[in-house]
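Accompanying notes for the structure given below.
The values are calculated or read from the model by the stated rules, or taken from the named source; none is laboratory data. The structure displayed is predicted, hence computed values, not measured ones. Counting neighbours? That spans all protein chains shown, and the Cβs are built from the backbone with ideal geometry, glycine included. When the accessible area is computed, the model is the full protein with side chains, heavy atoms only, and any ligands, DNA or RNA have been set aside. Shrake-Rupley method; radii C 1.70, N 1.55, O 1.52, S 1.80 Å.
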Amino acid sequence: MEIQKSSMVHNVAVFGGGSFGTAMSFVLACNGHNITILARDDQTVTSINDLHRNNKYISDFELPSNIRATTSCAEATKNADFIIHAVPMQASFAFLKANKEFIDPTVPIVSVSKGIHSEDLTVMSEVFPQALGRDQPTAFLSGPSFAKELMQRTPTAVVVASAREDVAARVQALFSSAVFRVYTSTDVVGVELGGALKNVFAIGAGIAAGMGFGNNTIAAFVTRGCHELRTIALAVGGQPGF
């Protein structure tokens, strides 16, 4: 695959060797950045380092040589300029708390973990300060971005939100390419809830289709779902516009 040399090459740690963590690594590696994936098991590490494939997830795709993997958080974060957090939402608090000593307080963390915690209803923007015990620079990336299509270099557009506009701009520059368009926002609440709740509406639309209802029903369901999402986001501090 073609690697686009960035004007500034960064070292990026990616927490999570699943399908989306691997896809995010691929996107960044194609921009010329040096990527270290923090994976859970030696088998995945060996597969990525020796075969340049993640044989456990999306194994059909070859990975660039500037992606490597490790099971050591200390090794993954050494000299890292950015951290991509792709650990599942429900496991994120425990993971971050256990590894906070290896995370430089000044390094931006970009969360691509979507969801709402099933027990305390927190989102990732609340998990980071609770787990790390500090005001870490953070950003939250969301949008229609299926892992397989990212690996196929399908043109994709996402949004990255941060309370700090400078952090959002840095993340935008890190990810942006001819096939990966990144918009910025300060609406962290809206982006996080949109990323979490869209899946609920997608499942509902699928149920409607499976029951044999037509486009009228599905369009009505999706339209009302978008309205409810906006209402919820505004109620908890989201912004009214994009």
If you scan the range 223-235, which residues turn out to be open to solvent by less than 90 Å² (accessible area, probe 1.4 Å) and either within 20 Å of Phe140 (Cβ to Cβ) or outside any helix (DSSP H, G or I) (or both)? Cys226, Leu229, Ile232, Ala233, Leu234, Ala235
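Please find, among Gly32, Gly115, the residue that is farther than 28 Å from Ala202 by Cα, of a type in the set (Gly, Ala, Ser) and in a loop (DSSP other than H, G, I, E, B).
On the way: Gly115 fails: farther than 28 Å from Ala202 by Cα.
Of Gly32, Gly115, the one residue that is farther than 28 Å from Ala202 by Cα, of a type in the set (Gly, Ala, Ser) and in a loop (DSSP other than H, G, I, E, B) is Gly32.
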Within the range 61-72, is even one residue under 17 Å from Ala131 (Cβ atoms), touching a residue at least 12 places away in the same chain (Cβ under 8 Å) and surrounded by 15 or more Cβ atoms within 10 Å (Cβ to Cβ)? no
Reported set for the range 9-25 where residues are outside any strand (DSSP E or B) and either of a type outside the set (A, V, I, L, M) or touching a residue at least 40 places away in the same chain (Cβ under 8 Å) (or both) is His10, Gly16, Gly17, Gly18, Ser19, Phe20, Gly21, Thr22, Ala23, Met24, Ser25
Please go through (1) surrounded by fewer than 16 Cβ atoms within 10 Å (Cβ to Cβ); (2) part of a loop (DSSP other than H, G, I, E, B); (3) within 14 Å of the chain's Cα centre (by Cα) for Ala157 and return the number of the only condition it doesn't satisfy. (2)
Report yes if Val167 is surrounded by 13 or more Cβ atoms within 10 Å (Cβ to Cβ), touching a residue at least 60 places away in the same chain (Cβ under 8 Å), out of contact with any Asp or Glu (no Cβ under 7 Å at 6 or more places or on another chain) and assigned to a helix (DSSP H, G or I), otherwise no. no
Residue under question is Ser177, and the condition is that it be out of contact with any His (no Cβ under 8 Å at 6 or more places or on another chain), modelled with pLDDT under 95 and assigned to a loop (DSSP other than H, G, I, E, B); does it hold? no
Note on the range 77-112: residues open to solvent by 80 Å² or more (accessible area, probe 1.4 Å), in a loop (DSSP other than H, G, I, E, B) and of a type outside the set (Val, Ile, Thr) are Lys78, Asn79, Pro88
